Amino acid sequence: MLQQLLETGLRQTMMRLVRPVLHPAIPVSLQRRIVSQAYRSSTPPRGARFRKTTVGAVPATRATYGSNLDGAVLYLHGGGYIIGSSTTHRGITGHLAKTSGCSVVTPDYRLAPEHPFPAALDDAEACWTGLLEEGYKPEQIAVAGDSAGGGLSIALAMRLRDKGLPVPSSLTVLSPWVDLTQAHLYSPECEPVIQAAWTSKAARLYAGRESLTNPLISPVFGDLSGLPPLLIQVGSQEILLNDAERLAEAANRDDVETRLEVFNSLWHVFQVHSGQLDRATAAMETAGDHIRRHLAG
């Protein structure tokens, strides 16, 4: 009963405080400031530690929990490629550090419109290379991300594969944004977080002069063969539900080991409420288990 009330309260909070800010008429600079404050309600677990660092010449935050670190997670934050940071996502990355037993590295990749495609992808690859230079083997590194960061995670794995380089041990994507054309958006009865007009503007700002169907911008249009085991989590109350389902279909088509989890009556990247909402906490446990299971010893 208490959890149901909490879900209702959090849903209303997202609808009243977050969704109105994600509007194309609000300047990106203002969105960044407001959202950075809104994310303060997403809290890491007690005992999580954060350290500002540089990985592959990219500014980043390293999250750890405990002392037995089994590997590394390269975590790519969401925000439509135009907002968000390693600081806003400390709640998610702190919980993922706890559930995965890994060091979680979140780069502050360059954002659009100042830095359109392929800046974010270049920075993600540079951070991946930086982890290798630290001594991690590819099979000791997982890649994860939410929303735009989920799409960026898939794009990074595709780029590494296309270059003939080793791919991560696994991929974990939360409410992934993988079709920036928005041709197949879902229409839930309730969408507490994002507006299609906002994501449409963000897509144009990120893609710049590139086609939105470029697979490194919209991975659902690409060949996913050769990618590592993939976990997809999505809420039923979000316009990106079809993105997640179509990504799972494409991955299965290309013989990628894939698990899709749809959480009924939850919203876009509900995992930010880990530690508060039981279903969000359980989802992060599943994500951590997926990462641990595929890491090389």
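The values are calculated or read from the model by the stated rules, or taken from the named source; none is laboratory data. Quick caveat: nothing in here was measured; it's all calculated off a predicted structure. Positions of Cβ are backbone-derived with ideal geometry, glycine not excepted, and every protein chain shown enters the neighbour counts. Areas reflect the complete protein model, heavy atoms only, side chains present, ligands, DNA and RNA absent. Shrake-Rupley method; radii C 1.70, N 1.55, O 1.52, S 1.80 Å.
From the set of residues in segment 116-146 that are outside any helix (DSSP H, G or I) and open to solvent by 10 Å² or more (accessible area, probe 1.4 Å), which is nearest to A60 (Cα to Cα)?
It comes out as E134.
Table: residues versus (1) among the small types (G, A, S); (2) open to solvent by less than 10 Å² (accessible area, probe 1.4 Å); (3) in contact with a Phe, Trp or Tyr (Cβ under 8 Å, 6 or more places away or on another chain); (4) assigned to a helix (DSSP H, G or I).
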| position | (1), (2), (3), (4) |
| --- | --- |
| Y39 | no, no, no, yes |
| T61 | no, yes, yes, no |
| V73 | no, yes, no, no |
| Y81 | no, yes, yes, no |
| G91 | yes, yes, yes, yes |
| L96 | no, yes, yes, yes |
| V105 | no, yes, yes, no |
| R110 | no, no, no, no |
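Need the failing condition index for L5 against (1) in a helix (DSSP H, G or I); (2) under 21 Å from the mean Cα position of the chain (by Cα); (3) farther than 22 Å from A197 by Cβ, just the number.
The single condition L5 does not satisfy is (2).
State whether one or more residues within segment 180-193 are in contact with a His (Cβ under 7 Å, 6 or more places away or on another chain) and surrounded by fewer than 24 Cβ atoms within 10 Å (Cβ to Cβ). So that I can check it myself, show each step before the final result.
Taking segment 180-193 first, the residues in contact with a His (Cβ under 7 Å, 6 or more places away or on another chain) are 193.
Now restrict to residues that are surrounded by fewer than 24 Cβ atoms within 10 Å (Cβ to Cβ): 193.
Yes, there is a match, as at least one residue in segment 180-193 is in contact with a His (Cβ under 7 Å, 6 or more places away or on another chain) and surrounded by fewer than 24 Cβ atoms within 10 Å (Cβ to Cβ).
So, of the residues in segment 108-136 that are aliphatic (A, V, I, L, M) and touching a residue at least 24 places away in the same chain (Cβ under 8 Å), which turns out to be farthest from S36 (Cα to Cα)?
For segment 108-136, the residue satisfying everything is L131.
Here are the criteria: (1) more than 20 Å from the chain's Cα centre (by Cα); (2) over 24 Å from P168 (Cβ atoms); (3) surrounded by fewer than 17 Cβ atoms within 10 Å (Cβ to Cβ). Tell me which single one G66 does not satisfy.
Of (1) more than 20 Å from the chain's Cα centre (by Cα); (2) over 24 Å from P168 (Cβ atoms); (3) surrounded by fewer than 17 Cβ atoms within 10 Å (Cβ to Cβ), only one is false for G66: (2).
Would you mind stating whether I239 is of a type outside the set (F, W, Y), at pLDDT 95 or above, surrounded by 14 or more Cβ atoms within 10 Å (Cβ to Cβ) and not in a helix (DSSP H, G or I)?
yes
So R49 ticks every box in (1) assigned to a strand (DSSP E or B); (2) open to solvent by less than 70 Å² (accessible area, probe 1.4 Å); (3) touching a Phe, Trp or Tyr at 6+ places or on another chain (Cβ under 9 Å) but one. Which box is left unticked?
Of (1) assigned to a strand (DSSP E or B); (2) open to solvent by less than 70 Å² (accessible area, probe 1.4 Å); (3) touching a Phe, Trp or Tyr at 6+ places or on another chain (Cβ under 9 Å), only one is false for R49: (2).
Residue by residue through segment 18-37, note down the ones that are at pLDDT 95 or above, more than 19 Å from the chain's Cα centre (by Cα) and surrounded by 14 or more Cβ atoms within 10 Å (Cβ to Cβ).
Those that are at pLDDT 95 or above, more than 19 Å from the chain's Cα centre (by Cα) and surrounded by 14 or more Cβ atoms within 10 Å (Cβ to Cβ): P24, V28.
Determine which single condition T181 fails, assuming it passes every other condition in (1) touching a strand residue (DSSP E or B) at 6+ places or on another chain (Cβ under 6 Å); (2) assigned to a loop (DSSP other than H, G, I, E, B); (3) of a type in the set (S, T, N, Q).
Here T181 clears every test but (1).
With the structure loaded, tell me whether Q271 is modelled with pLDDT of 95 or more, of a type in the set (S, T, N, Q), buried (at least 24 other Cβ atoms within 10 Å of the Cβ) and not in a helix (DSSP H, G or I) or whether it fails that test.
In short, no.
Scan segment 224-243 for residues that are in contact with an Asp or Glu (Cβ under 9 Å, 6 or more places away or on another chain) and within 29 Å of Q31 (Cα to Cα) and report the count. Break it down stepwise before answering.
Taking segment 224-243 first, the residues in contact with an Asp or Glu (Cβ under 9 Å, 6 or more places away or on another chain) are 224-234, 237-240, 242-243.
Next, from what is left, pick out any that are within 29 Å of Q31 (Cα to Cα): 232-234, 237-240, 242-243.
So the answer is 9.
Determine the pairs where a residue that is in a loop (DSSP other than H, G, I, E, B) and open to solvent by 100 Å² or more (accessible area, probe 1.4 Å), located within segment 247-264, has a partner that is at pLDDT 95 or above and aliphatic (A, V, I, L, M) with Cβ atoms under 8 Å apart, the partner being 6 or more residues away or on another chain.
Close Cβ pairs satisfying both conditions: E257/L230.
Tell me yes or no: at least one residue of segment 200-223 is in a loop (DSSP other than H, G, I, E, B), open to solvent by 30 Å² or more (accessible area, probe 1.4 Å) and touching an Asp or Glu at 6+ places or on another chain (Cβ under 7 Å).
The answer is yes; a qualifying residue exists.
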